[in-house]
Every structure is written in structure tokens, then in C-alpha cells.
Amino acid sequence: MKIYTKSGDAGETGLFGGGRVAKDDVRVDAYGEVDELNATLGLVRSFEGPPDVDALLHRLQDQLFTVGAVLATPEGTKASAHIPELKAEWAEDMERAIDGFEAELPPMTHFILPGGTQAASALHLARTVCRRAERRTVPLLREGKIPKAVVVYLNRLSDLLFVLARVVNHRASVEDVKWIPAKPSK
């Protein structure tokens, strides 16, 4: 199988289940953002952080393929019957993970600046990519073209990525940098 088909040379792409849309279609934009998020999580994993965090990120990458497949497949097509289901418990699992990881962190007293270790910095980047992916899915939700579970999943994931960035720094004995706003000049 060749990697190039030339079928997209005119600025269109095929959706799973049929139909062609412009490459800047909101659906294509949304699953492209999810793909970028997945690749960013791959980058995070390359920094070889804590094994429990790596295992969680691996599971999230697998789930993101399902999210991307849901976004790439219009509901009601024959192909939609072959797409794995995005499970509501995935968001619940993330909530439990957030609660567990937060239990080992000092309480936040300030906003923090993204940074720290390479893995934590990449997790902060992944969080912002996740937020962008979430913003790209909202119009599809509003139009009734995707299940609400997609937006819920991405919203919870961005929270989890923030907490994971803090955990990675904490376990490496790297303090988060507090954002202390400058006092306004009079």
C-alpha cells in the first residue's frame, strides 16, 4: 500500500465511511488537532518520566485514536458501526487519576508558569494542544454532529495533563514557578 494517493491534491480529503470534504472542514480540523495532541503525548513519553505516568499516557494515546475515529466518521454512516465506542468511564477514570495525583501534590496557592522538567514542559504543551482540540470540537457538538462525550473527554484530559505536569515536576524535585503578577504602577 502506498502512503500517497494523490486524492487530496485538490484540497479535499475523504471521511471514514465515505464522502469528501475540504481539508479545512471543521471536522477535519478537529481530528487533526486530536492527532497533534496524540503526537505531543508521544513526545512527552520520549522523555521517560515516571512509569505510572507513562503507562497512563500510553492508554490515553490509544483512547485518542478512538476520539479521532469518532471525529472522522459521520454518525449514521455504515462505517460508524465499526468505530470503537468512546466510553463515558474514560472521563471518570481521569477524574480518579486527577484526585490520586493531586493527593501527592502541595496545594496550589498561585497560578503557575508552564515549565520545569522536559516532560513537564511537554505536558503543559500537550495541555494547550488539548484545549485547542476541545475548542475545535465544540462547533461539531453544537451542530449535533458528534457525541457530547468527545468534548467531555477532551475537557477532562486537559485537566489531567495539567496535574500530570505538576506531578512530574514534583517527583523530580523541581518546583513549579508561581506566577506573581507585577504590581500596577501608579
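Residue check: is Gly144 within 20 Å of the chain's Cα centre (by Cα) and at positive phi? Break it down into steps so the answer makes sense when it comes.
Values: within 20 Å of the chain's Cα centre (by Cα): no; at positive phi: yes.
Taking the combined requirement at face value, the residue does not satisfy it.
Got a number for residues in segment 118-145 being part of a loop (DSSP other than H, G, I, E, B) and surrounded by 18 or more Cβ atoms within 10 Å (Cβ to Cβ)? Break it down stepwise before answering.
Here is the first cut: in segment 118-145, the ones part of a loop (DSSP other than H, G, I, E, B) are 143-145.
Checking the rest, the ones that are also surrounded by 18 or more Cβ atoms within 10 Å (Cβ to Cβ) come to none.
Final tally of qualifying residues: 0.
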Quiz item: Within the set of pairs 6+ apart or on separate chains, which have a first residue in segment 164-185 that is farther than 11 Å from Pro106 by Cβ, a second that is in a loop (DSSP other than H, G, I, E, B) and of a type in the set (A, V, I, L, M), and C-beta atoms under 8 Å apart?
Solution: Val167/Leu105
Quiz prompt | Hey, Val151 in contact (Cβ under 8 Å) with a residue 24 or more places away in the chain, β-branched (Val, Ile, Thr) and surrounded by 12 or more Cβ atoms within 10 Å (Cβ to Cβ) or not | solution = no
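Tell me, please, whether a residue that is within 17 Å of the chain's Cα centre (by Cα) and more than 18 Å from Ala69 (Cα to Cα) can be found in segment 99-118.
Keep residues of segment 99-118 that are within 17 Å of the chain's Cα centre (by Cα), which gives 114.
If we keep only those that are more than 18 Å from Ala69 (Cα to Cα) too, we end up with 114.
Looking through segment 99-118, at least one residue is within 17 Å of the chain's Cα centre (by Cα) and more than 18 Å from Ala69 (Cα to Cα).
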Practice problem: Counting only residues that are among the β-branched types (Val, Ile, Thr) and modelled with pLDDT of 95 or more, give me the helices (runs of 4 or more DSSP H) lying completely in segment 20-113 with at least 3 of them. | Solution: 26-46
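The values are calculated or read from the model by the stated rules, or taken from the named source; none is laboratory data. Computed from a predicted structure; not experimentally measured. No Cβ is skipped: glycine too gets one built from the backbone with ideal geometry, and neighbour counts run over all protein chains shown.
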